[in-house]
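> Sending over a structure as structure tokens; questions will come in a sec.
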Amino acid sequence: MDFDIDRLMREEIKDLPMYNPGKSPEDVAREYGIADCVKMASNENPLGPSPLAVEAAKKAMSMAHLYPDGNSTRLREALSRRLGVGVECILAGHGADEIFDLLAYAFLRRDDEMVVGDPSFSSYELAAMTMGARVRKVPLREYRQHIPAMLDAAGARTKMVVLCSPLNPTGTTVSREELEEMLESLPRDVLLLLDEAYVEYVTDPEYPDVMVYFTIHPRLVITRTFSKIYGLAGLRVGYAVCHPTVREALEKVKLPFNVNRIAQEAALAALEDEEHVRRSREANRRGKERLYLLLEELGMEYVPTQANFILVKNGPYADLFDRLLRHGVIVRAGEAMGLPGHVRITIGDDAQNDVLERALRAIVGGG
């Protein structure tokens, strides 16, 4: 008898799309014959990880034969001190993506609903769909999550609403008033997930300090990551701040030893390296201002950002993504993110921004 995988596979995942990470330098070298290219597509920190984190990771390698602390105790304690919240309110994860999955495992049943902005980071949707939950997508308004429409979309089967601030892929944020409206207006038994992966890059002085809300509103779950400004994307460390009863539910479905020893030690060191964070934030601010001026000079429209990437309209260059690839610059195509007619460009270091500027000038000049 032939082996029939379809008979074994859960119905919920048969049509589940796979996450597309975009093109790698190796892909570009193979497809375009360009060996020397810059990757400005995945919102990685161009300054790399903290030197203190690198040293801590090297030291931790000598104990790689030992299982890590399954509770990430020292990391959670350090985050507790830094954020001013109880250690019992913090859950460490294998990147923030694991926490999205854990929330789905713990709280979503088949035919429950999740409400998200459209577009938004695709991992929320994938986590829900894996559990057979339905995803109600609410179109953005002027590149921002439309809070009244998202509230209107929350119905009897809604178990979770997701906000991303700054929003991937547009870089826009949720205001204090919008967050309070969402928290106060959602139906009683609905979780609100607020993903703040890029919060350390925010320069808007009016951006809300969300840590003051979750003790008042136990439905609020805040996620953050060490992948962006801390430069540890390759080690996969994220965390959630939530009510202790929510954390206990997530603990029940997480894997044992979910954050490896090397990642825990690197994250601890990165958290203490405030100078590296300061330099990363300042480099992003300078790069952002430079790219704003360049795009305006070239007559290219963009969305002002509070993150480390800029969403740019293709304008008359319908194939802007491919043109940039041919000039050795990897960006994120808007079609893959639900924003056709756009590209998302990570703000690079000076050298990367130089390559991007030359490419854009050549494209606008007819190249």
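The values are calculated or read from the model by the stated rules, or taken from the named source; none is laboratory data. Given the structure is predicted, the values throughout are model-derived calculations rather than measurements. Glycine also receives a Cβ, built like all others from the backbone with ideal geometry; neighbour counts cover every protein chain displayed.
> Looking only at helices (runs of 4 or more DSSP H) that lie completely in the stretch 265-367, which have at least 3 residues being within 19 Å of the chain's Cα centre (by Cα)?
Passing ranges, in order: 274-297.
> Looking only at the stretch 20-42, count every residue that is assigned to a loop (DSSP other than H, G, I, E, B) and out of contact with any Asp or Glu (no Cβ under 9 Å at 6 or more places or on another chain) and tell me the total.
Final tally of qualifying residues: 12.
> May I ask you to list the residues in the stretch 103-125 that are in contact with a helix residue (DSSP H, G or I) (Cβ under 8 Å, 6 or more places away or on another chain) and of a type in the set (A, V, I, L, M, F, W, C)?
103, 104, 106, 107, 108, 114, 115, 116 - these are the residues of the stretch 103-125 that are in contact with a helix residue (DSSP H, G or I) (Cβ under 8 Å, 6 or more places away or on another chain) and of a type in the set (A, V, I, L, M, F, W, C).
> Here's a follow-up. So residue 216 passes all but one of these: (1) modelled with pLDDT of 95 or more; (2) at negative phi. Which condition number does it fail?
It is condition (1) that residue 216 fails.
> Could you tell me whether any residue of the stretch 244-261 is part of a helix (DSSP H, G or I), in contact (Cβ under 8 Å) with a residue 60 or more places away in the chain, more than 17 Å from residue 94 (Cβ to Cβ) and not aliphatic (A, V, I, L, M)?
Yes.
> Here's another thing I want to ask about it. Which numbered condition in (1) touching a residue at least 60 places away in the same chain (Cβ under 8 Å); (2) closer than 23 Å to residue 349 by Cα; (3) of a type outside the set (Val, Ile, Thr); (4) buried (at least 18 other Cβ atoms within 10 Å of the Cβ) is the only one that residue 279 fails?
So residue 279 meets the others, but not (4).
> Does any residue in the stretch 17-37 that is assigned by TED's automatic domain parsing to the domain that holds residue 333 come within less than 9 Å, Cβ to Cβ, of a residue that is hydroxyl-bearing (Ser, Thr, Tyr) and part of a loop (DSSP other than H, G, I, E, B) six or more places away or on a different chain, and which pairs are these?
That search, which allows pairs on different chains as well, returns 21/42; 22/42.
> Separate question: Inspect all residues belonging to the stretch 184-192 and state whether any of them is in a helix (DSSP H, G or I), over 21 Å from residue 263 (Cβ atoms) and basic (Lys, Arg).
No: the stretch 184-192 contains no residue that is in a helix (DSSP H, G or I), over 21 Å from residue 263 (Cβ atoms) and basic (Lys, Arg).
> Out of the stretch 207-227, which residues are part of a loop (DSSP other than H, G, I, E, B) and either under 15 Å from the mean Cα position of the chain (by Cα) or outside the structural domain of residue 107 (by TED's automatic domain parsing) (or both)?
226, 227
> Only one of these is modelled with pLDDT of 95 or more, assigned by TED's automatic domain parsing to the domain that holds residue 233, of a type in the set (Gly, Ala, Ser) and under 30 Å from residue 59 (Cα atoms): 249, 263. Name it.
Sole residue among the options that is modelled with pLDDT of 95 or more, assigned by TED's automatic domain parsing to the domain that holds residue 233, of a type in the set (Gly, Ala, Ser) and under 30 Å from residue 59 (Cα atoms): 263.
> Can I ask one more? Looking only at residues that are polar (S, T, N, Q) and exposed (fewer than 15 other Cβ atoms within 10 Å of the Cβ) in the stretch 17-42, which one is modelled with the highest pLDDT?
Per the stated criteria, the residue is 24.
> Please indicate, with yes or no, whether at least one residue in the stretch 39-46 is farther than 30 Å from residue 272 by Cβ and among the small types (Gly, Ala, Ser).
Our first condition is that a residue be farther than 30 Å from residue 272 by Cβ; within the stretch 39-46, this holds for none.
Looking for residues that are farther than 30 Å from residue 272 by Cβ and among the small types (Gly, Ala, Ser), one finds none in the stretch 39-46, hence no.
> Restricting attention to the stretch 220-239, does a residue exist that is free of Cβ contacts under 8 Å to residues at least 60 places away in the same chain and surrounded by fewer than 21 Cβ atoms within 10 Å (Cβ to Cβ)?
First, the residues of the stretch 220-239 that are free of Cβ contacts under 8 Å to residues at least 60 places away in the same chain: 220, 222, 226, 234.
The next check asks that each one be surrounded by fewer than 21 Cβ atoms within 10 Å (Cβ to Cβ); those that pass are 234.
Checking the stretch 220-239: at least one residue is free of Cβ contacts under 8 Å to residues at least 60 places away in the same chain and surrounded by fewer than 21 Cβ atoms within 10 Å (Cβ to Cβ).
> From the residues in the stretch 84-120 that are in contact (Cβ under 8 Å) with a residue 60 or more places away in the chain and among the charged types (D, E, K, R), which one is nearest to residue 138 (Cα to Cα)?
My answer is 118.
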